[in-house]
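Reading through the structure tokens given below for one structure.
The values are calculated or read from the model by the stated rules, or taken from the named source; none is laboratory data. Only a predicted model underlies this, so the values are computations on that prediction, with no experimental measurement involved. When we count neighbours, we look across all protein chains shown, and the Cβ atoms used for this are built from the backbone with ideal geometry, even at glycine.
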Amino acid sequence: MSYTIAMAGKGGTGKSTTATLIIRYITEELGKAVLAVDADPNSTLGLSLGVEIDGTIADIRDDVVEKKVDIPASMSKDRYIEYRIEESIVEQSKFDLLTMGRPEGPKCYCYANNLLRRYLDKAEQSYPYIVIDTEAGMEHLSRRTTNDVDLLIIAFESTIIGVHTANRITELIESLPIKIKKYIYVMCKVPAKGVSEKVKAEISKSGFEVSAELTFDEEIYDQITSGESLLGISTENAVYSEIKNLMNKLVTVTTDK
């Protein structure tokens, strides 16, 4: 069975950056293969990983539901969908990438979500690790796209709004019938001067513990703004070092996979 890590948080908090560096940690430090899943309709994980996307689950949804393609007579609908999903996975030397994408027009994501969940259930038998970069906000939790995970990372910015958002995500997690073995809080884009006293007080009042503080980083900013893969940042990068320290505590203490 896979060890599954998922991200949660508002858009722009650093979810994709954190997910990318976790993937780097697993593939380079642990030497394990990863299925990277971009479950965000905005589809930014591929850019962070430096991977061009060939197709998405939303494309398959549109083709099948809108009957834009003829399913071969020799295939059942379910087998055809499975074949198309496997075909849409971008294979790299150390990881594979599956992208959910955005259905055309104002259409429901339910079918695409169901396809993603169904495939992830199967993928658990094939990959030691699965890393899921979710959509912005909390919709993926209420729709149970993120379900049955080993580690959920709640990413939030070092602001009062960020702390309130983390609290709302926590409340939603605890109110839904989803299986999350452990969830932690990671504060992102912390300024060089540190976290303000007001934010510290708000975190203390909320009662949760911050497992890692990721500073705003110029090297990462330069990589993102130039369109370069975040896998190319220095191994000594401060944010990457912090993520390595965090993952060493959380992942390597689990059974070897």
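Structural remarks
- Flag if Lys107 is assigned to a helix (DSSP H, G or I), surrounded by fewer than 17 Cβ atoms within 10 Å (Cβ to Cβ), at pLDDT below 90 and not hydrophobic (A, V, I, L, M, F, W, C): no
- Just one of the listed residues (Leu246, Leu250, Leu214) is closer than 14 Å to Tyr25 by Cβ, in contact with a Cys (Cβ under 7 Å, 6 or more places away or on another chain) and not β-branched (Val, Ile, Thr), namely Leu214.
- Sole residue being part of a helix (DSSP H, G or I) and without any contact (Cβ under 8 Å) to a residue 12 or more places away in the chain, chosen from Lys200, Lys193, Lys244: Lys200
- Candidates Asp63, Asp59: the one that is surrounded by fewer than 24 Cβ atoms within 10 Å (Cβ to Cβ), acidic (Asp, Glu) and in contact (Cβ under 8 Å) with a residue 40 or more places away in the chain is Asp59.
- Only residues that are in a strand (DSSP E or B) and in contact (Cβ under 8 Å) with a residue 60 or more places away in the chain were counted across segment 66-102, and they come to 5.
- Test: residue in segment 209-227 that is touching a strand residue (DSSP E or B) at 6+ places or on another chain (Cβ under 8 Å), β-branched (Val, Ile, Thr), surrounded by 11 or more Cβ atoms within 10 Å (Cβ to Cβ) and in a loop (DSSP other than H, G, I, E, B): no
- Checked against (1) buried (at least 20 other Cβ atoms within 10 Å of the Cβ); (2) under 26 Å from Gly162 (Cα atoms), Pro41 passes all but a single condition, namely (1).
- Cross-chain or 6+ apart pairs with Cβ under 7 Å, segment 147-171 first and closer than 22 Å to Thr215 by Cβ, then basic (Lys, Arg) and assigned to a helix (DSSP H, G or I): Ala155/Lys15; Ile160/Lys198
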